[in-house]
Amino acid sequence: MQKSLHIDPGKCTGCLQCELACSFENENVFNPAKSRIKVFRFHDIGRMVPYTCTQCDEAWCMKACPVEAITTDAATGAKVVSDALCVGCKVCTIACPFGTVNYNASTGKVMKCDLCGGDPECAKACPTQAITYVDANWTGLDRMRDWAAKTDSGARASA
Amino acid sequence: MQHVIVGAGPAGVVAAETLRKGDPKAKITLIGGEPEPPYSRMAIPYLLDGNIAEEGTYLRKGAKHYDALGIQYVHGRAESVAPAEGKLKLEGGDQVPFDRLLVATGARPIQPRVPGIDRPGIHGCWTLADAREIAKLSKSGSNIVLVGAGFIGCIIMEALASRGGNLTVVEMEDRMLARMMDATGGAMMRRWCENKKIRVLTGRKVVGVEADAKGPGDKAVALDNGEKLNAHLVVLAVGVRSNVEFLKGSGVKIDHGIVVNDQMQSSVANIYAAGDVAEGPDFSTGGHMVHAIQPTAVDHGRIAALNMLGKTAHYKGSLIMNVLDTVGLISSSFGKWEGTKGGESSAAVDNDRYRYLRLEFDGDHLIGALGIGMTEHVGVLRGLIQTKTALGDWKRKLLADPHRVMEAYVARSQV
Ligand SMILES: Cc1cc2nc3c(=O)[nH]c(=O)nc-3n(C[C@H](O)[C@H](O)[C@H](O)COP(=O)(O)OP(=O)(O)OC[C@H]3O[C@@H](n4cnc5c(N)ncnc54)[C@H](O)[C@@H]3O)c2cc1C
C-alpha cells in the first residue's frame, strides 16, 4: 500500500517545524524559503494551511519535462526530480497547476517534494499531527483531486 | 492496427508511448526527420551553455527505450501522403502503409528575405545540427548578432552570451518579447540585458548581410538605419513556419498549421496532428491557434493518441504559457495577459529589484498573468486560469496586491 502525506489544516499551529525540517533535509539549511512544504497563514480566519505536492496522477510536471528528469519513484509513488538530468528550463514550474514545483536559482534546478524517499521529515517534525504519512486511500486529498480534474486540459478518455 | 507517426519531437514521442500503453498489439512506427535519437529542442540552450552533453537533450534516456516498447523508430523525411490508400511516401521512395497517421512534424525557423542571408555562418537555433555550428562559431571574444528578441531569441541569449561573445540583438518590434510581455515588462527586460553588456536594438530591421574584410568568415549585418554590425556568427530567431509541405494534395486543411478538431483530428479522418504543426483548440479564445510550446506538444500528443486508439478524448484547449530565463532574469506569461474588454487588472512593479507581476481578471476569475522575477508557486497562475476558480472576496485582495496570488489559491481551494 502506497502512502501519502495527509494534511489536516485544523491541527496546524503555524510553528513552521515542517518547513525547517524540509529545508534541512533537502538543502542542508534551516531556511523556510528553501522548504518544499509551505504553511500559509490566514490570520483573519485564524487558519494555517500546510501545503505541498500531492504526487498527483496527472503529473503535469513529469509529462512536460523535456529531458525525462522527473520520474515516478516505484516504491513511494513520488514524482522525483533528478538533479543530474534537470537542465533548469522551468517548464514544469508553469505546468504544475498547484504551484508546487519551484525553481532554485542557487542550484539552477527545480525542486519539489519527493516524500524524502518514503520517510517524510515534515511529518516527523510536526508536533500536532497536522501532517501525517498514512495509507494513500486515507488521505482525503479530494479537494486537490477535484482541482486536478478541473485543470485537466484533456478530458480523460472514455473507453 | 498500423499507427504511423511522422515527427519524433515531444508530440510524436508522447503519442507513440500513449498508443503503446493503450494497445499492446498495434504496430507503431515513429519516423524522425533528423539523424539523432528523439530529442528536445528546448534543451538546446543548455547544450550550448555547456550544462549538458548532446545526450542530455534526448527525450528518453534509455538507449533501448523505443525497442523495449515495440515502437519502431526509423529515420526518414515524409514527401507525400495518399490518405485514401493509407500510404505515406518518404523521400527516396519508400512507402509506409498506415491505418492512422499522426503528423507531428513541428516547424522550422524562417529566414528574413534579404540579400546575403544564405552566407556561411548564419544559422537558426533549432536543431542539434544548428547547435553544433553555433558552438563552433561562437568563440570567446567573437562578435555575434542575434536577429529576433522574441521567445526563442530571449531564451538562447544566455547561451550565446555565456560562450563569451559580444552579443548584439536586433529586433524589428519596438520592444523585446513583443508577444509575451507588455511595455513595462519589455523595458525591464531590456534594461536587464543592457546591464549584462548585451546591445539591444529595437525597432530595427536587418536589410542585408554583406562580406566584411575585418576577419576571415566575418560578415557585416546591414540595418535599416544604415548601421553595419560586424559579426562572425549570425543567429536567426525571427519566427517559424509549420512543416506541412508534404501534405500538399492530401486534402488536409491547413491554415497557420494543420487545423484539428478537439480530438486532434484533421479534416481527413485518418490523419491527426499534434504539437507545433497543429492549429488546435485554444483555451482562452475558444478558437484555433498554433501554440508552439512544449506543454501543448505533450498534451496534443497524448490526446491525439487516445483518439487514434478509438477512445474518445475531447481536448479542452491549450493555455498559452511561457517561462523563460533571459541571461538570468526569469519571466513568465499566461493566457490573456493583455486583458479583456470590461475586465479588471492589477500590477505591481519594482524596477529596482526587477520584479513585476500583472494579473488580468474577467468578472470573478483570472484570465491572464505576466511575471518577472517570480520563481515561487508560478504554476498556480495556470491553475487559477484554467480552472476558472471563482475568487470571491480574494479578487479585491488581489486587485490591491497581486503578489498574494498563491494565498488566494490556497484559500479558495484548500480552506
Ligand atoms: C531553442 C529552443 C528553445 C525552446 N524553449 C522552449 C521553452 O523554454 N518552453 C517551451 O514550452 N517551448 C520551448 N521551445 C519550443 C519547443 O521546443 C517546441 O514547442 C516543441 O519542440 C514542439 O514539439 P513537436 O513535437 O511539435 O515538434 P518538434 O520538436 O519540432 O519535432 C518535429 C519532428 O518532426 C521531424 N520532421 C519535420 N519535418 C519532417 C518530415 N518532412 N518528415 C519526417 N520528419 C519530419 C523533425 O525532425 C522532428 O523530429 C523551444 C524551442 C527551441 C528551438
Both in Å, the radius of gyration and Dmax of the C-alpha trace of region B:43-196 are 19.9, 59
A correct Stokes-Einstein calculation for region A:1-79, using the alpha-carbon Kirkwood radius, 4 °C and 1.567 mPa s, returns a whole-number D in µm² s⁻¹ of 90 µm²/s
In order over region A:85-91: 3J(HN,Hα) from phi, Karplus 6.51/-1.76/1.60, θ = phi - 60°, whole Hz, x for each Gly or Pro, gives 9, 4, 9, x, 6, 6, 5
Surpassing 22 Å at the alpha-carbon level, of the pairs B:K87/B:K248; A:K63/B:K253; A:K34/A:K109, are A:K63/B:K253
Taking r as the C-beta separation of B:K248 and A:N28 and R0 as 41 Å, the FRET efficiency to the nearest 0.05 is 0.10
Rounded to one decimal in nm, the spacing of the 7 Å Cα→Cβ label points at B:T184 and B:D49 is 2.6 nm
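Give me the count of lysine pairs in region B:310-415 whose alpha carbons sit under 21 angstrom apart, restricted to pairs 8 or more positions apart or on different chains.
Details: B:K316/B:K336; B:K316/B:K388; B:K336/B:K388; B:K336/B:K395; B:K336/B:K397; B:K341/B:K388; B:K341/B:K395; B:K388/B:K397.
Lysine pairs meeting both conditions in region B:310-415 amount to 8.
Given region B:328-413, what whole percent of its Cα pairs are spread farther than 16 Å?
46 percent
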Here the whole-number average of other chain Cβ atoms within 10 Å per Cβ of B:380-390 is 5
Residue-normalised value, i.e. accessible area per residue, for region A:1-66 at 1.4 Å probe, in Å², stands at 47 Å²
Expressed in nanometres to one decimal, the distance between label points 7 Å along Cα→Cβ at B:K61 and B:K139 is 3.5 nm
Quick calc: nm separation of the 7 Å Cα→Cβ label points for B:D401 and B:S267 -> 5.4 nm
Each residue of B:311-317 has, on average, a number of other protein chain C-beta atoms within 10 Å of its C-beta equal to 4
Per the helix-only model, chain B has a calculated mean residue ellipticity at 222 nm (DSSP H runs of ≥4, -39500 (n - 2.57) each, divided over all residues, rounded to the nearest 500) of -7000 deg cm²/dmol
A student asked for the Cα radius of gyration and Dmax of the protein assembly as shown in angstrom ought to give 24.2, 75
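Of A:T100, B:T375, which has the most accessible area with a 1.4 Å probe, and how do the rest follow in descending order?
On the way: A:T100 15, B:T375 40 Å².
If we order A:T100, B:T375 from most to least accessible, we get B:T375, A:T100.
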So the FRET efficiency between B:R355 and A:A84, C-beta based with R0 = 35 Å and rounded to 0.05, is 0.65
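Could you work out the percent of alpha carbon pairs in region B:184-269 separated by over 21 Å, rounded to a whole number? Walk me through the intermediate numbers first.
Details: 2157 of 3655 pairs.
That tail contains 59 percent of the Cα-Cα pairs.
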Cα-based Debye curve of region A:56-112 sampled at q = 0.16, 0.17, 0.19 Å⁻¹ gives log₁₀ I(q)/I(0) of -0.41, -0.46, -0.58
Short to long, in 10 Å steps from zero, the percent of alpha-carbon pairs of region B:261-415 per bin is 11, 36, 30, 18, 5, 0
Amide H neighbours of B:A107 at under 5 Å, excluding residues fewer than 5 places away on the same chain, with H built from the backbone geometry, are B:N243
Across B:27-33, the residue-averaged tally of Cβ atoms belonging to other chains within 10 Å stands at 0
The Cα radius of gyration of chain B, divided by 2.2 N^0.38 Å with N its residue count, comes to 1.04
Expressed in square angstrom to the nearest 10, the accessible area of A:M62 with a 1.4 Å probe stands at 60 Å²
In Å, the C-alpha Rg and Dmax of region B:1-105 are 14.4, 48
Sorted largest first, the C-alpha extents of region B:122-236 along its principal axes in whole angstrom are 41, 32, 25
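Per-residue counts of other Cβ atoms within 10 Å, averaged by peptide: what ranking do you get for B:319-331, A:66-78, highest first? Please report the intermediate quantities before stating the final value.
On the way: B:319-331: 22.2, A:66-78: 17.9.
Packing order, densest peptide first, comes out as B:319-331, A:66-78.
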Between the alpha carbon centres of region B:315-351 and region A:91-140 the gap in Å comes to 26 Å
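When every alpha-carbon pair in region B:249-348 is counted, what percent end up more than 16 Å apart? Provide the component values of the computation, followed by the final result.
Details: 2970 of 4950 pairs.
The proportion of pairs with Cα distances above 16 Å equals 60 percent.
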Ranking B:S142, B:C154, B:M181 by how far each Cα lies towards the positive end of the charge dipole of region B:122-236 (+1 on Lys and Arg Cβ, -1 on Asp and Glu Cβ), the top one is B:S142
Once all protein chains are kept in place, A:D57 shows an accessible area at probe 1.4 Å, nearest 10 Å², of 130 Å²
Once the in-chain neighbours fewer than 8 apart are removed, the aspartates and glutamates whose Cα is under 16 Å from B:K139 read B:D49, B:D130, B:E158, B:D218
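The values are calculated or read from the model by the stated rules, or taken from the named source; none is laboratory data. Everything numeric here is computed off the predicted structure, so don't read it as measured data. Note that each Cβ is placed from the backbone with ideal geometry, even for glycine, and that neighbours are counted across all protein chains shown. The area values use the complete protein model at the heavy-atom level, side chains included, leaving out ligands, DNA and RNA. Shrake-Rupley method; radii C 1.70, N 1.55, O 1.52, S 1.80 Å.
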